[in-house]
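> My questions all concern the structure below.
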Amino acid sequence: MLAVFVRAALHPGRMKPSRLVRPVTKIPERSLVHQESLPKLPVPPLKQTCERYLAALEPIVSKEELDHTQQLVQEFLKGGVGERVQKGLERRARKTDNWLSEWWMQTAYLDCRMPVPVYTSPGVVLPRMHFQDRQGQIRFAAKLIAGVLDFKRMIDTETLPVEYLSGKPLCMDQYYQILSSCRIPGPKRDTVVNHAMGKTPPTHITVVHNFQFFVLDVYNSDGTSLTVDQIYMQLEKIWNSSLQTNKEPIGILTSQHRNTWGKAYNNLIKDKINKESVRAIQKSIFTVCLDAPIPRVSDEMYLSRGAAQILHGGGARWNSGNRWFDKTLQFIVGEDGTCGLVYEHAPAEGPPIVFLIDYVVKYMQKQTEIVRSPMVPLSMPQKLRFNITPDIKRDIEKAKQNMNIMVHDLDVKVLMFFHFGKNVPKQHKLSPDAFVQMALQLAYFRMYDTCCSTYESASLRMFKYGRTDAIRSTTVDSLRFAQAMQDPAKQGSERLALLQKAVQKHKENTYDAIHGQAIDRHLLGLKRQSIEDLTSMPEIFMDTSYAVAHHYCLSTSQVGSKTDCVMCFGPMVPDGYGVCYNPMDEHINIAITAFNSCEETNAAKFAQAVEEALLDMRALLDDTATVKQ
Ligand SMILES: *[C@@H]1O[C@H](CO)[C@@H](O)[C@H](O)[C@H]1NC(C)=O
């Protein structure tokens with residue numbers, strides 16, 4: 001029996017604290033020493049979080065609501081409830097490696113029942129490729145596969161460099177969770193399996209073409225990986241034996257609502273052959289999707305269209321069935337040059353994924369044309385078979401319908417902002433991230449004449465097994481700045497001072513967040529601890545303000561990369577925006593999403609407002625700089 005490591009995080013309570021340490025046999029010793037030296041995630045002081053919570057509410061709730069919440073917070077602090085729960089949380093922090101990680105994994109991912117495409121899985125759009133022919137596409141895929149295997153070698157041989165943030169080493173655990181792993185649907189809660197930790201780590205990837213899945217062994221018997229040439233030949237064989245397009249798109253089942261998929265999954269794997277095929281996909285190192293071409297669009301529309309393709313595959317008619325959305329890493333290589341990846345979010349955040357992309361892109365650039373060398377003939381990659389019963393057929397039909405609804409509902413706009421990049425805010429000694437965040441605040445304020453709860457993800461990787469906390473970008477200062485920009489009575493110098501103050505505030509909040517002193521995960525911890533303690537739910541968590549604070553109409557993330565690409569993800573709420581940006585030196589790539597079913601939101605309009613906000617803010621800096629001279 002294969003020793004599969006199910007994330008320890010999935011079984012709270014029954015687990016002894018020491019078991020919460022992942023089995024690290026596969027993690028090289030040097031990395032292990034590094035991991036062990038990382039500090040534990042702290043539990044912030046209760047009073048500090050309560051004060052910061054009230055400050056965060058100030059710009060986004062009414063005066064009456066704020067007064068009411070202030071009372072509830074006072075009761076929570078003074079009445080003993082807060083202190084008791086905080087004590088419980090501190091006890092948990094002492095007994096575990098990370099008091100938050102398993103709760104976060106459940107709350108943010110595994111308990112979440114929405115479909116993974118669009119709702120949780122981020123995508124990365126690579127620059128468009130211009131393949132002359134099928135060989136071009138296959139060659140690109142072969143190089144890409146070789147590049148990922150080269151990256152895997154760094155993981156396997158402990159040569160992956162430790163990353164730093166503000167001079168502090170970061171937890172590298174996420175890199176060990178993204179290969180050979182897969183999410184598995186459950187009727188109420190999903191799980192994630194990681195086969196890299198098992199006794200027999202996988203030596204194959206899965207390739208899908210025209211909805212047909214293949215097992216491609218990428219290692220020779222002596223443990224060396226296949227060369228680009230060899231992978232190319234194998235991919236061509238796969239291509240040649242999957243020419244028919246009349247196959248059932250079995251993979252589209254993975255795009256369903258998780259309860260629905262959980263039920264369909266149990267039915268699917270009742271059949272022994274299906275079960276083996278599913279296992280082969282789950283166990284594979286990663287998946288490569290060789291996509292069919294999609295209808296051409298204008299160059300201007302191309303990136304937005306590409307981002308949508310990467311996020312959902314374009315619908316049942318196109319490539320949505322050419323995926324296994326539960327798979328942690330899926331690289332997409334389209335015949336029409338649309339390339340990128342989509343990843344299941346549970347095991348990792350964007351930055352490690354983009355680090356991998358940067359590495360692979362660099363690797364691919366170093367590969368010159370294929371030199372045909374004599375080689376040992378390799379066996380035909382195995383095609384995975386599925387027995388489609390009438391039940392399964394019905395589930396596929398339902399999944400197709402739902403996917404098409406999701407495709408029609410997702411509104412995507414990729415903005416390539418070419419006027420400037422990090423250089424401009426840097427010249428003015430402003431944090432580029434804070435600068436972009438303030439542009440988002442201004443854009444939103446101009447469109448809606450109000451501000452909203454804003455989420456920006458902040459890395460907690462300074463701490464062992466750290467994931468993220470939230471930077472709440474909407475502050476009293478950001479609101480004052482946005483109001484001043486819309487107030488004709490305000491002078492440029494006054495606006496600039498407010499911008500600088502808002503940027504400074506954002507910088508402080510960012511510093512607090514990455515040092516484990518933000519409020520959101522602490523509040524979640526207090527709430528979960530109350531549930532654990534079986535006490536009645538403290539009123540602060542049932543308050544309107546709490547709901548408003550967690551209704552993030554702007555869900556944002558800065559994911560920087562060396563490659564000129566952009567990450568994208570769907571909105572967090574039905575009436576909000578998802579905004580992911582990559583500030584490069586001289587330009588900024590921004591992906592904006594919304595839902596068409598919401599009358600009030602529009603990705604293209606918001607993109608336009610962001611562009612104008614950025615330009616107006618630069619004008620503000622330039623004008624006022626001239627005054628100073
Ligand atoms: C795939 O098919 C093409 C066209 O028929 C042929 O030229 C090529 O040799 C085949 N490749 C393999 C690996 O079978």
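Every number in this text was worked out from the coordinates using simple rules, so none of it is lab data. Small disclaimer: the values here were computed from a predicted structure and weren't measured. Cβ atoms come from the backbone with ideal geometry, glycine included; neighbour counts cover every protein chain shown.
> As an exercise, use a Förster radius of 30 Å and the Cβ-Cβ distance of Gln74 and Glu508 to find the FRET efficiency, rounded to the nearest 0.05.
0.75
> How far apart, in nm, are the 7 Å Cα→Cβ label points at Thr389 and Arg128?
In this crude spin-label approximation the distance works out to 4.6 nm.
> Rounded to the nearest 5, what % of the DSSP beta bridges within the range 115-409 are antiparallel ones?
So the antiparallel bridges amount to about 75 percent of the total.
> Based on DSSP, what percent of beta bridges with both residues in the chain are antiparallel, to the nearest 5?
75
> Percentage of Cα-Cα pair distances in the chain greater than 33 Å, rounded to whole percent?
When every Cα pair of the chain is considered, 47 percent fall beyond 33 Å.
> Within the chain, which cysteines find no other Cys whose Cβ is under 4.7 angstrom from their own?
Cys50, Cys112, Cys171, Cys182, Cys289, Cys339, Cys451, Cys565, Cys568, Cys580, Cys598
> If you don't mind, there's one more thing I want to ask. For the range 162-205, just list the percent of Cα-Cα distances falling in each 5 Å bin from zero outward, please.
5, 18, 18, 18, 14, 13, 9, 4, 1
> Another question, then. What are the semi-axes of the equivalent ellipsoid for the range 367-476, taken as the square roots of 5 times the Cα gyration tensor eigenvalues, largest first, in whole Å?
44, 29, 18
> In addition: If you place +1 on the Cβ of every Lys and Arg, -1 on the Cβ of every Asp and Glu, and leave all else neutral, what size is the dipole of the chain about its Cα centre, to the nearest 20 Debye? Could you put the intermediate results ahead of the total?
Numbers: 75 positive and 67 negative charges, 429 e Å.
Here the size comes out at about 2060 debye.
> Using the 10 angstrom Cβ neighbour count as an exposure proxy, how do Ser457, Ser431, Ser493 rank, fewest first?
Details: Ser457 20, Ser431 17, Ser493 13.
Listed from fewest to most nearby Cβ atoms, that is Ser493, Ser431, Ser457.
> Can you put Tyr444, Tyr164, Tyr359 in order, fewest other beta carbons within 10 Å first? It would help to have the intermediate numbers written out before the result.
On the way: Tyr444 26, Tyr164 10, Tyr359 18.
Lowest count first: Tyr164, Tyr359, Tyr444.
> Let me ask something else. Determine the calculated [θ] at 222 nm for the chain from helices alone, applying -39500 (n - 2.57) to every DSSP H run no shorter than 4 residues and normalising by the residue count; nearest 500 deg cm²/dmol.
-13500 deg cm²/dmol
> At Lys426 and Asp229, where each label point lies 7 Å from the Cα along Cα→Cβ, what is the point-to-point distance in nanometres?
Spacing of the two 7 Å Cα→Cβ label points: 4.3 nm.
> Return the sequence-ordered ³J(HN,Hα) values of the range 434-449 in whole Hz as given by the Karplus equation 6.51 cos²θ - 1.76 cosθ + 1.60 applied to θ = phi - 60°, using x for Gly and Pro.
With the stated coefficients, the range 434-449 comes to 4, 4, 5, 4, 5, 5, 5, 4, 5, 4, 5, 4, 5, 7, 10, 6 Hz.
> Highest mean first, what order results for 331-344, 240-253 on Cβ atoms within 10 Å?
Descending packing order for the listed peptides: 331-344, 240-253.
> Looking at the range 464-546, which chymotrypsin sites (Phe, Trp or Tyr not before Pro) are DSSP coil and have at most 10 other C-beta atoms within 10 Å of their C-beta? Can you show the working numbers first?
On the way: sites: Tyr465, Phe481, Tyr511, Phe541, Tyr546; in loops: Tyr465.
Qualifying residues, ordered by number: none.
> For the range 115-409, what value does the Rg/Rh ratio take when both radii are computed over Cα atoms and Rh is the Kirkwood radius, given to two decimals?
Computed over Cα atoms, the ratio is 0.94.
> Taking the Cβ of each residue in Ser478, Ser379 as the centre, tally the other Cβ atoms inside 10 Å and list the residues starting with the fewest.
Ser379, Ser478
> Quick check on packing: order 312-323, 111-122 by the mean number of other C-beta atoms within 10 Å, highest mean leading.
Details: 312-323: 23.8, 111-122: 21.0.
Going by the mean number of other Cβ atoms within 10 Å, highest first, we get 312-323, 111-122.
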